[in-house]
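A.B. asks: Questions regarding the structure given below will be posed in turn.
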Amino acid sequence: MIDPHISKSSVAYPDDLVLLKRIYDQVCEERGITRGSPKASELAIEAMKLFSAGIFDEGTIGRRLRHR
């Protein structure tokens with residue numbers, strides 16, 4: 001059965017946005033990035049790009065954002 005909470009179409013549903021925000025918040029905190037700053041905006045854009053490219057795994061997105 002397909003998990004309805006995981007997008008396979010690159011469309012971000014509410015649960016997907018919660019996941020992306022959780023990753024974003026963790027990486028901002030770890031790297032000392034102020035929310036609303038240009039670096040934070042770049043991080044959010046990169047997270048959405050990864051998701052839109054079909055990367056839905058929280059661990060993978062987090063690792064890629066931490067090592068960019």
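A short reminder: the numbers here are calculations on the coordinates, not readings from a lab. Note that the structure is a prediction, hence the values are computed from the model and not measured. Cβ: placed from backbone, ideal geometry, glycine included. Neighbour counts: every protein chain shown.
A.B. asks: Restricting the first residue to segment 35-57 and requiring it to be farther than 14 Å from A12 by Cβ, which pairs with a second residue that is among the β-branched types (V, I, T) meet a Cβ separation below 8 Å and a spacing of at least six or different chains?
C.D. replies: K39/I33; A40/I33; A40/T34; L43/V27; L43/I33
A.B. asks: Right, here's the next one. Would you mention how many residues in segment 29-54 are aliphatic (A, V, I, L, M), within 17 Å of L19 (Cβ to Cβ) and not in a helix (DSSP H, G or I)?
C.D. replies: So the count comes out to 1.
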